[in-house]
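**Student:** Supplied in structure tokens, the structure appears directly below.
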Amino acid sequence: MRYTEFTPYDIVLLLQGLSVTLWLFVASTLIGGALGLGFAVVRYYRVLLLRQLVHGLAELLKNSPVLVQLFLVFFGLPVLMKINLTPSQAALITLSGNTAAFVYVIAVSAIEAISRDQIEAARVFGLTRWTILRRVIAPQALAFAIGPLTGLLVNQLQVTSLISVIGVIDLTKVGHILNLRTLKPFIVWAVVGALYYLTAKAVAYAGSRLERRLRAHTDWKGV
Amino acid sequence: MGFDLSILAKHVPFLLEGLWLTTVVCLGALAGSIVLGIVVAACRTAASPLARRLSAIYVDVFRNIPFIVQLFFFYFGLPEVGIYIEAAPTGIIALSIAGGAYTSDVIRAGILAIEPGILEAAEVSGLTRRKIFTMVILPIALRTSIRPLGAVCVNLVLTSSVLSTITLNELTGSAKIVAAETFRPFEVYAALLIAYACLTYAVSGLFGALHRHVNRHTAGEVA
């Protein structure tokens, strides 16, 4: 017996797929963001050797397809290091690394956007290096970077769809399963596409709200 | 078993075939997305509100839905409506439509950057609207947008790896076959990662050279 019709349970299936996509998106964003920031700080303090290594790694990750990175981690790493990786673990490692590379680039340009005078002024006041980084550089760099970061996150959300290829049951994989069962590609992929679209719009909206709040201090408040 | 690249040697001709297919698909998609991008950019900067609205929706939709979902929509959907084409043309069409959204944004920015004085001069000279667009606006807009077009092309090359999921044996697809045959996935995918990085490096170098060549007389004005 073959169920070629849509059932109410399919909605649950789609939502499950969406939750897997969202979970991996949030987790890889947090890990990748922290890693990328760490890389940027390494560059800011000009740590010898580590700086060149980080830069080279970021360039390599930015200039190669995420699909190949996924294959390298999921198929290559276990064979080379004789370990076991589940598809979700491989996906998390790859997506985090990829996000880190892009966050690094954004963070570096955001730090460089702050004028040297401010840092010199802070030094003259006798602030420590850590206080300068936390109180002077970080707030301004964040306000500068939030726009590009939102763009990056919308992009990374779409990149998560590639993990379906290594067998993670995310939204795209659920779409694939439904498509094979019902043989109604237009409806299935339109619904999956719409879910991705709405999620991306939600991320973009949250980003623009946050940006407005972070930039609120620069608004003209009247005399 | 350690890291041993020499096992790849006898598979190089096979991988080069994949590289050739990647090149052909990318060139086709680049041509397609530039043509589509010019048309859509013309619509987005048109006087008619309807054309502006429709083209904005197209760009919004195709930038916010993952490429793999779009690809499956076409790959499984086209036979449904009686269009039977192979994986390669399907891939070129899907890549062109997705790339067109990004290309149109780049060309639109180029059009909007043109000085109003130039357009007024063209109108005063009595040129028709069609002539103004094809002979005045377009050459200037394309010339200034070569560098961002290079970035779009780099993205096309990276995105073309996704075509391996619809049985198209381009570079990533043939690497998958080699990895399965040799059972040395780490070596294969690590080499592939480097190969893609070199490829995108070459592409952006090529576009940089083109930019310098086309803008050689206006070096002072166009940074």
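**Student:** Please list, ordered by first then second residue, the pairs with beta carbon atoms under 8 Å, 6 or more apart or interchain, first in the range B:28-50 and over 23 Å from residue B:119 (Cα atoms), second aromatic (Phe, Trp, Tyr) and open to solvent by 50 Å² or more (accessible area, probe 1.4 Å).
**Tutor:** B:33/B:102
**Student:** When residues of the range B:170-179 are filtered for being open to solvent by 40 Å² or more (accessible area, probe 1.4 Å) and at the interface with chain A (Cβ under 9 Å from one of its Cβ atoms), how many remain? Before the answer, list the steps.
**Tutor:** Of all residues in the range B:170-179, those open to solvent by 40 Å² or more (accessible area, probe 1.4 Å) come to B:176-177.
Cutting the leftovers down to at the interface with chain A (Cβ under 9 Å from one of its Cβ atoms) gives us B:176.
The total comes to 1.
Yes or no, residue by residue, for (1) under 30 Å from residue A:188 (Cα atoms); (2) among the charged types (D, E, K, R):
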| position | (1), (2) |
| --- | --- |
| A:6 | yes, no |
| A:9 | yes, no |
| A:18 | yes, no |
| A:33 | no, no |
| A:42 | no, no |
| A:53 | no, no |
| A:62 | no, yes |
| A:74 | yes, no |
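**Student:** Can I ask one more? When you scan the range B:184-220, how many residues do you find that are surrounded by 15 or more Cβ atoms within 10 Å (Cβ to Cβ) and charged (D, E, K, R)?
**Tutor:** So the answer is 2.
**Student:** Out of B:83, B:93, I need the residue that is at negative phi and in a helix (DSSP H, G or I). Which one? Write out each step before concluding.
**Tutor:** Working: B:83 fails: in a helix (DSSP H, G or I).
When all the criteria are applied, what remains is B:93.
**Student:** Got a sec? Which of B:206, B:193, B:210 is assigned to a helix (DSSP H, G or I) and facing chain A (nearest Cβ under 9 Å)? Before the answer, list the steps.
**Tutor:** On the way: B:206 fails: facing chain A (nearest Cβ under 9 Å); B:210 fails: facing chain A (nearest Cβ under 9 Å).
Of B:206, B:193, B:210, the one residue that is assigned to a helix (DSSP H, G or I) and facing chain A (nearest Cβ under 9 Å) is B:193.
**Student:** Further, regarding this structure: Yes or no: residue B:143 touching a residue at least 60 places away in the same chain (Cβ under 8 Å) and open to solvent by 60 Å² or more (accessible area, probe 1.4 Å)?
**Tutor:** Values: touching a residue at least 60 places away in the same chain (Cβ under 8 Å): yes; open to solvent by 60 Å² or more (accessible area, probe 1.4 Å): yes.
Yes; evaluated as a whole, the condition is true for this residue.
**Student:** Would you list the helices (runs of 4 or more DSSP H) that sit entirely within the range A:112-223 and hold 1 or more residues that are open to solvent by less than 40 Å² (accessible area, probe 1.4 Å) and within 14 Å of chain B (Cβ to nearest Cβ)? Steps first, please.
**Tutor:** On the way: elements: A:116-124, A:138-159, A:171-182, A:185-214.
Ranges flagged: A:138-159, A:171-182, A:185-214.
**Student:** Something else: For the range B:64-78, which positions are open to solvent by 50 Å² or more (accessible area, probe 1.4 Å) and free of Cβ contacts under 8 Å to residues at least 40 places away in the same chain?
**Tutor:** Of everything in the range B:64-78, those that are open to solvent by 50 Å² or more (accessible area, probe 1.4 Å) and free of Cβ contacts under 8 Å to residues at least 40 places away in the same chain turn out to be B:73, B:76.
**Student:** Wholly within the range A:2-109, which helices (runs of 4 or more DSSP H) include no fewer than the required count, namely at least 1 residues that are open to solvent by 50 Å² or more (accessible area, probe 1.4 Å) and closer than 19 Å to residue A:168 by Cα? Quick ask: steps written out before the conclusion?
**Tutor:** Values: elements: A:9-44, A:50-62, A:66-71, A:77-81.
Those helices (runs of 4 or more DSSP H) span A:9-44.
**Student:** Within the range B:120-138, can you find the residues that are assigned to a helix (DSSP H, G or I) and open to solvent by 60 Å² or more (accessible area, probe 1.4 Å)?
**Tutor:** Applying the first criterion (assigned to a helix (DSSP H, G or I)) to the range B:120-138 yields B:120-124, B:129-138.
Result: B:120, B:123, B:124, B:129, B:130, B:131, B:134, B:135.
**Student:** Let me ask something else about it. Of everything in the range B:178-190, what is farther than 14 Å from residue A:68 by Cα, part of a helix (DSSP H, G or I) and touching a residue at least 24 places away in the same chain (Cβ under 8 Å)? Give them in sequence order.
**Tutor:** Those that are farther than 14 Å from residue A:68 by Cα, part of a helix (DSSP H, G or I) and touching a residue at least 24 places away in the same chain (Cβ under 8 Å): B:181, B:182.
**Student:** Can residue B:99 be described as in contact with a helix residue (DSSP H, G or I) (Cβ under 7 Å, 6 or more places away or on another chain), at pLDDT below 95, closer than 14 Å to residue B:34 by Cα and crowded, with 18+ Cβ neighbours inside 10 Å?
**Tutor:** On the way: in contact with a helix residue (DSSP H, G or I) (Cβ under 7 Å, 6 or more places away or on another chain): yes; at pLDDT below 95: no; closer than 14 Å to residue B:34 by Cα: yes; crowded, with 18+ Cβ neighbours inside 10 Å: yes.
Judged against the criteria, residue B:99 is not a match.
**Student:** Hey, another quick one. Take the residues in the range B:1-15 that are open to solvent by 30 Å² or more (accessible area, probe 1.4 Å) and touching a Leu at 6+ places or on another chain (Cβ under 9 Å), then tell me which one is farthest from residue B:203 (Cα to Cα).
**Tutor:** Going through the range B:1-15, the residues open to solvent by 30 Å² or more (accessible area, probe 1.4 Å) turn out to be B:1-7, B:9-10, B:12-15.
Subset that is touching a Leu at 6+ places or on another chain (Cβ under 9 Å): B:1-3, B:15.
Values: B:1: 35, B:2: 33, B:3: 29, B:15: 19 Å.
Ranking the qualifying residues of the range B:1-15, first place goes to B:1.
**Student:** I've got another one for you. Could you count how many residues in the range B:47-68 are touching a helix residue (DSSP H, G or I) at 6+ places or on another chain (Cβ under 8 Å) and of a type in the set (Gly, Ala, Ser)? Outline the logic, then answer.
**Tutor:** From the range B:47-68, those touching a helix residue (DSSP H, G or I) at 6+ places or on another chain (Cβ under 8 Å) are B:51-52, B:54-56, B:58-59, B:61-68; that's our starting set.
Pick out the ones that are also of a type in the set (Gly, Ala, Ser) and you get B:51, B:55-56.
The qualifying residues number 3.
**Student:** Residue B:114 versus (1) more than 16 Å from residue B:63 (Cα to Cα); (2) surrounded by 18 or more Cβ atoms within 10 Å (Cβ to Cβ); (3) modelled with pLDDT of 90 or more: which is the lone unmet condition?
**Tutor:** Of everything listed in (1) more than 16 Å from residue B:63 (Cα to Cα); (2) surrounded by 18 or more Cβ atoms within 10 Å (Cβ to Cβ); (3) modelled with pLDDT of 90 or more, residue B:114 misses just condition (2).
The values are calculated or read from the model by the stated rules, or taken from the named source; none is laboratory data. Not measured: the values here are computed from a predicted model. Glycine also receives a Cβ, built like all others from the backbone with ideal geometry; neighbour counts cover every protein chain displayed. Ligands, DNA and RNA are stripped out before the accessible areas are found, and what is left, the full protein with its side chains, is counted by its heavy atoms. Shrake-Rupley method; radii C 1.70, N 1.55, O 1.52, S 1.80 Å.
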